[in-house]
Amino acid sequence: MLAKGTKDWRAYGCILIGTAVMAVSINSIYDYMQMVTGGFSGLAIIIKAVTEPIIPGGIPLWLTNAVLNVPLFILGIKIKGWEFTRKSVLGALMLSFWLYLIPPFPIMPDDMLLAALFGGVIMGIGIGFIFMGQSTTGGTDMVAALIQHKLRHYSVAQILQVIDGLIVVLGVFIFGLQKALYAVIAIVITTKVTDGFLEGMKFAKIAFIITDHHQEMADTIMKNLERGITGISSKGLYSGKDRIMLFCVVDKKQIVRLKEIVMQTDPGAFVIVTDAREVIGEGFQKNKEKM
């Protein structure tokens, strides 16, 4: 098992990397292209644009992010306690630090669609690292969690959607509808990439096989594919017959061969194939907790 100190350092490393990646997306794509994707970063982009006529260059993103989070974390510690806010405080501080340190450089200066796509990918990777560190960057996530403390009949996700939606709508009035629509594309891409990052990108296939020749089929699969198989006792409620249903997880490239074996062994077999987003164990991804 990993020592607690090692786990903590890995978590902090993920937060450090994730906030840096997020800062690149915010500084070099979202702010440069004036895309408001919600969150305190989106609000900071709006505030920067609004204050630009008054303050040369507008209020910096890092400063807005830091200032908005300070009262939020004070309230969070009071309502939820220090343990709840501890890593989020670090995430918010590191994001502001990277926003200050990393200079903006135009990645996609002339193409809004590519900016939305790659901005979403980069942001999704950054958020994925932060979630792996079991943290957030505060912002609207923390606002939603605190509101949900009072409005318990709503989920944090529902409240967060409303808050971020209002920020995106505010961006429509500042930067126009077209840029807001591109921002929506970026939000969708960010969500998909974050989910894929957390759930695992090494997809596998699961096969459920109902057959009268379960032992012969299991032996053939284990010999040819070198995959383990689990037999599950089952009963057909239509036929009334007791059977063994085979459960097997294989790589994507092995599923074709698996189906060939099934059809050769028992053409009358009933097979269900579905996706597995992540598989941990022998023959697949190692269990990191045991490393």
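The values are calculated or read from the model by the stated rules, or taken from the named source; none is laboratory data. Bear in mind the structure is a predicted one, so any value in this text is a computation, not a measurement. Here the Cβ positions follow ideal geometry from the backbone for every residue, glycine too, while neighbour counts run over all protein chains shown. Keep in mind that these areas ignore ligands, DNA and RNA; they rest on the heavy atoms of the full protein, side chains included. Shrake-Rupley method; radii C 1.70, N 1.55, O 1.52, S 1.80 Å.
Of the numbered conditions (1) more than 17 Å from Met35 (Cβ to Cβ); (2) buried (at least 19 other Cβ atoms within 10 Å of the Cβ), Ala115 fails exactly one; give the number of that condition.
Unmet for Ala115, out of (1) more than 17 Å from Met35 (Cβ to Cβ); (2) buried (at least 19 other Cβ atoms within 10 Å of the Cβ): (1).
Among the residues of region 259-291, what is the count of those that are at pLDDT 85 or above and either among the hydrophobic types (A, V, I, L, M, F, W, C) or open to solvent by less than 80 Å² (accessible area, probe 1.4 Å) (or both)?
Count: 12.
If you scan region 139-181, which residues turn out to be modelled with pLDDT under 80 and part of a loop (DSSP other than H, G, I, E, B)?
Selection gives Leu151, Arg152, Tyr154, Ser155.
Does Val256 count as surrounded by fewer than 12 Cβ atoms within 10 Å (Cβ to Cβ) and out of contact with any Leu (no Cβ under 6 Å at 6 or more places or on another chain)?
Taking the combined requirement at face value, the residue satisfies it.
Residue under question is Thr194, and the condition is that it be part of a helix (DSSP H, G or I), surrounded by fewer than 22 Cβ atoms within 10 Å (Cβ to Cβ) and touching a residue at least 60 places away in the same chain (Cβ under 8 Å); does it hold?
yes
Can you give me the number of residues within region 216-241 that are among the β-branched types (Val, Ile, Thr) and in a helix (DSSP H, G or I)? So that I can check it myself, show each step before the final result.
Going through region 216-241, the residues among the β-branched types (Val, Ile, Thr) turn out to be 220-221, 229-230, 232.
In the following step, the residues that additionally are in a helix (DSSP H, G or I) were identified as 220-221.
Residues flagged as among the β-branched types (Val, Ile, Thr) and in a helix (DSSP H, G or I) within region 216-241 amount to 2.
Just to be sure I understand the filter: pairs with C-beta atoms under 7 Å, separated by 6 or more residues or on different chains, first member in region 54-79 and within 12 Å of Phe40 (Cα to Cα), second member open to solvent by 70 Å² or more (accessible area, probe 1.4 Å) and among the hydroxyl-bearing types (Ser, Thr, Tyr). Which pairs pass?
Qualifying pairs under 7 Å: Trp62/Tyr100.
Please enumerate the residues belonging to region 228-253 that are in contact with a strand residue (DSSP E or B) (Cβ under 7 Å, 6 or more places away or on another chain), open to solvent by 90 Å² or more (accessible area, probe 1.4 Å) and closer than 19 Å to Val279 by Cβ.
If the condition is that a residue be in contact with a strand residue (DSSP E or B) (Cβ under 7 Å, 6 or more places away or on another chain), open to solvent by 90 Å² or more (accessible area, probe 1.4 Å) and closer than 19 Å to Val279 by Cβ, then Lys252 is the only one that fits.
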